[in-house]
Amino acid sequence: MQTDLKKDARRILMISFAALLMALNINTFVHTGGLFPGGATGLTVLLQRAGQQFFNVELPYTIINLLLNSIPVYIGFRFIGKKFTLFSCYMIILTSVLTDLLPSYAVTYDTLLIAIFGGIINGTVISICLSMNANTGGTDFIAVFLSEKKGIDSFNVVLGFNIVLLVVAGLLFGWDKALYSIIFQYASTQVVHILYRRFQQQTLFIVTDNAGTICEAISRISRHGATIMHGEGAYHNEKREIVYSVVSRSEYKKLITEVQKIDPKAFINTIRTDVLAGRFYRTPTE
């Protein structure tokens, strides 16, 4: 019980930091560069600017963002996990309120620098939330839902929605901002791919004399199974065992360290897995 409280307290602290960073990024880089982030955040910014430019109405970020997130939040509660969705709601609400409260500040007026560094910060925020078992809302819920159900790294699936968003933004506010926004979103996506690896897999081939013990370690650490194949060394014609397994990329480095403890002479080959079909265990989302 005490361990769970400490874990939740750490999650709240990290999500609060991520919300502050997201709000600062919106008020500092996004607004200064006139950019449109992806997902619900980008759609919120688009509606705000449309209201201001065409109707001379100042629309509050908080209300729009919360309304746009209502359906994704339902998807989260219904199909992903209640605790995951509650922490995500905390992230969405805190980010919205801080965005309205914090003042805007221009670090630079170079739109290319804004697009690159704003995208890096945005991707970092998304990665922090995902590592804390939460997300920033909007299309992130859809991406996680598809990843859970289909077992694929599905954040690129959201690209279709973002393309429509950028086309509308280009038609309304000029194509230069829409094109710079593509750089922003690309930088953000690449950072997420680098920092968050739960939905990416790695294939392990381990040549060893301790196959049984290594299979037990794989099961204990990752809860994945393994296959033992029997081979023969070409140099000395000695019998060898090859352990084959597919694990999450967030787990494989820990597994390699454990294998080297069990068998310091083990030969280990890792290969990035792009497509995986069949049963693959994933830790359930809370």
Hits in region 238-251 - residues which are within 21 Å of the chain's Cα centre (by Cα) and either on the phi > 0 side of the Ramachandran plot or modelled with pLDDT of 90 or more (or both)
VAL246, VAL247
Taking region 14-52, which residues are outside any helix (DSSP H, G or I) and not aromatic (Phe, Trp, Tyr)?
GLY34, LEU35, PRO37, GLY38
Could you list all residues from region 201-223 that are touching a helix residue (DSSP H, G or I) at 6+ places or on another chain (Cβ under 8 Å) and closer than 11 Å to VAL247 by Cα?
GLN202, LEU204, ILE218, ILE221, SER222
For VAL191, are the conditions met, namely being β-branched (Val, Ile, Thr), under 18 Å from THR44 (Cα atoms) and surrounded by fewer than 22 Cβ atoms within 10 Å (Cβ to Cβ)?
no
Could you please find all residues in region 252-274 being under 19 Å from the mean Cα position of the chain (by Cα) and either at pLDDT 95 or above or closer than 12 Å to ALA217 by Cα (or both)?
TYR252
Can you find, within region 108-133, the residue that is surrounded by the fewest Cβ atoms within 10 Å (Cβ to Cβ) among those that are touching a helix residue (DSSP H, G or I) at 6+ places or on another chain (Cβ under 6 Å) and farther than 17 Å from VAL191 by Cα?
ASN133
Of the conditions (1) buried (at least 23 other Cβ atoms within 10 Å of the Cβ); (2) farther than 22 Å from SER70 by Cα, THR95 fails just one. Which one is it?
(2)
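The values are calculated or read from the model by the stated rules, or taken from the named source; none is laboratory data. Everything quoted here is computed from the prediction, not taken from an experiment. Cβ: placed from backbone, ideal geometry, glycine included. Neighbour counts: every protein chain shown.
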